[in-house]
Amino acid sequence: MEEEVGGEEYLFKVVLIGDSAVGKSNLLSRFARNEFDPNNKATIGVEFLTQELEIDGKMVKAQIWDTAGQERFRAVTSAYYRGAVGALIVYDISRKTTFESVKRWLDELTTHCETTVARMLVGNKCDLEDIRDVSVEDGKSLAEEEGLFFMETSALNATNVQTAFEMVYKAELSVNRVNLV
Ligand code: GDP
């Protein structure tokens, strides 16, 4: 007879995608509360970190992947997306071109992942209100059109960073599609 295990653990892979310099690495280091040192980052190469979190009484091992600059070379491949159950598609609210790229990133996600992957549209750098180039309404309506969660964040001043990641985990836990460790 198998022994009863006290408390379940979940492994949860989330990918960060979006154009260069929208703030993906800084969102990750902000989320990980200094457990990740951006100075150690490889110039080119995929990096991920794993963090233990408690969400709704369940232990979640969150494995978050960052492209570490590879998106510049369009070399983000299927290995990057493999097994992902959540994705944060990031743009910079002060650079419209990064918002216009979102559809391309969504297409790529659809090519490599199941359609059921939990997707959060993230308008980062919301501290840059003075030079805003994408309105909150435009972000919201794109999210509605594409069936995405939506949130504006600032990695700089920590606005909504925790919430954005946690919403993706909660969405996944509620349908129990994450893998038990
Ligand atoms: P990545 O290429 O998408 O990983 O972007 P990085 O995390 O390397 O950030 C690109 C640049 O944007 C850096 O100069 C960061 O300091 C800056 N940055 C990132 N997040 C924010 C933010 O929330 N607010 C502001 N004002 N700058 C940010």
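The values are calculated or read from the model by the stated rules, or taken from the named source; none is laboratory data. Source: prediction; values computed, not measured. Don't worry about glycine lacking a Cβ; one is built from the backbone with ideal geometry, like all the others, and counts go over all protein chains shown.
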Out of all the residues in segment 27-52, which are of a type in the set (S, T, N, Q), surrounded by fewer than 18 Cβ atoms within 10 Å (Cβ to Cβ) and modelled with pLDDT of 80 or more?
T50, Q51
Tell me, please, whether a residue that is within 15 Å of the ligand (Cβ to nearest atom) and under 29 Å from M59 (Cα atoms) can be found in segment 132-152.
yes
Breaking point among (1) farther than 26 Å from K61 by Cα; (2) within 16 Å of the ligand (Cβ to nearest atom), for Q162:
(1)
Between a residue in segment 50-68 that is on the phi > 0 side of the Ramachandran plot and any residue that is within 16 Å of the ligand (Cβ to nearest atom) and in a strand (DSSP E or B), which pairs come within a Cβ distance under 7 Å, given they are 6 or more apart or on different chains?
A68/E47
Segment 62-121: helices (runs of 4 or more DSSP H) wholly inside it with 1 or more residues that are within 13 Å of the ligand (Cβ to nearest atom) and at pLDDT below 95 are 102-112
Can you list residue pairs whose Cβ atoms sit under 6 Å apart, with the first residue in segment 157-172 being within 26 Å of T115 (Cβ to Cβ) and in contact (Cβ under 8 Å) with a residue 40 or more places away in the chain and the second being in a helix (DSSP H, G or I) and within 16 Å of the ligand (Cβ to nearest atom)? Count only pairs 6 or more apart in sequence or on different chains.
F165/F31
